[in-house]
Amino acid sequence: MYVLIGGAGLVGLNLAQKLVEIGHTVAMIDIDPNACRYAREQVGVMAFEGSAVSTEVLLEAGIRKADALAAVLRSDALNLAMVTLAKHYGVPHILTRMRHSDFAEPLRLAGANHIISTVELAVSTMVNAIEYPQVESMMHFEQGQIEVLKLSIPNNCYVVGRSVAEIAQDSRFPTGSLIIGYQPHPHEALTIPNGSTVLEPDSTVLIVTKPGSLHQVIDFMEGCK
């Protein structure tokens, strides 16, 4: 895909690096000539010096052929302007960073397909790390209506030696929760389990659940024999 990124700051450069690594063609726009030079020389992307909300610069950077656009500029107002222009030029997939929640609805109306609130994301990540230190990672979907957590299974857990089907049928396993990923050992690949998959000690699982069931899921999965 051809991906256009507005803003060559820390987020923009890291995003560009990841996209290049997985094989996408990336172009960046930034008003800072040093940032553009770094993007070209160190990240290996095309970089256009100028305003990311200038139609002239956007056209030069190839916005008409962009498959996706990420607005990660220095202010919500600039990101809103870039999203609006991206929609105007027919970019099919538009992402934007958002600092203040007041811009959520304007960004959506302007055409953003994905709005990432950096403040909310950072805060929720830190809260989860404090409240659930045993959880390796956690992701939120549908504005926090669904949670996916990655949890290690200690040796003496009640679920060790039990199949995914047995766990799902246990009355103590919260309704609506589901084991969707399984990694037997750290050096092995993550797989999609079936009902006959048996949990081994020191393995890792991915579980999808509702926010209100997080404590129940964790308590059940880590319960000692």
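The values are calculated or read from the model by the stated rules, or taken from the named source; none is laboratory data. Every value quoted in this text rests on a predicted model; they were computed, and no experiment measured them. Positions of Cβ are generated from backbone atoms using ideal geometry, with glycine treated the same way; all protein chains shown enter the neighbour counts.
Can you pull out every residue in the stretch 16-52 that is buried (at least 16 other Cβ atoms within 10 Å of the Cβ) and of a type in the set (Val, Ile, Thr)?
Scanning the stretch 16-52 gives Thr25, Val26, Ile29, Ile31, Val43, Val45.
Scan the stretch 95-114 and give yes if some residue there is modelled with pLDDT of 85 or more and over 26 Å from Leu10 (Cβ atoms), otherwise no.
Yes, some residue in the stretch 95-114 is modelled with pLDDT of 85 or more and over 26 Å from Leu10 (Cβ atoms).
Are there any pairs, at least 6 apart or on different chains, whose C-beta atoms fall under 7 Å, with the first in the stretch 115-130 and under 23 Å from Ser75 (Cβ atoms) and the second assigned to a strand (DSSP E or B) and modelled with pLDDT under 75, and if so, which?
Partner pairs satisfying both residue conditions: Ser124/His140.
Residue-wise test of (1) surrounded by fewer than 19 Cβ atoms within 10 Å (Cβ to Cβ); (2) in contact with a His (Cβ under 6 Å, 6 or more places away or on another chain); (3) in contact (Cβ under 8 Å) with a residue 24 or more places away in the chain.
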{"position": "Ser54", "(1), (2), (3)": "yes, no, no"}
{"position": "Glu60", "(1), (2), (3)": "yes, no, no"}
{"position": "Asp76", "(1), (2), (3)": "no, yes, yes"}
{"position": "Leu80", "(1), (2), (3)": "no, no, yes"}
{"position": "Glu105", "(1), (2), (3)": "yes, no, no"}
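Which one of Thr197, Thr125, Thr118, Thr209 is of a type outside the set (A, V, I, L, M, F, W, C), modelled with pLDDT under 85 and surrounded by 13 or more Cβ atoms within 10 Å (Cβ to Cβ)?
Only one candidate passes the filter, namely Thr125.
Anything in the stretch 181-194 that is in contact with a strand residue (DSSP E or B) (Cβ under 6 Å, 6 or more places away or on another chain) and at pLDDT below 90? List them, or say none.
If the condition is that a residue be in contact with a strand residue (DSSP E or B) (Cβ under 6 Å, 6 or more places away or on another chain) and at pLDDT below 90, then Leu190 is the only one that fits.
Name the pairs: first residue in the stretch 1-25 and of a type in the set (Ser, Thr, Tyr), second residue crowded, with 22+ Cβ neighbours inside 10 Å, Cβ to Cβ under 6 Å, at least 6 apart or on different chains?
Pairs found: Tyr2/Ala66.
Filter the stretch 140-180 for residues that are at negative phi, at pLDDT below 75 and surrounded by fewer than 15 Cβ atoms within 10 Å (Cβ to Cβ) and give the result.
Phe141 - this is the single residue of the stretch 140-180 that is at negative phi, at pLDDT below 75 and surrounded by fewer than 15 Cβ atoms within 10 Å (Cβ to Cβ).
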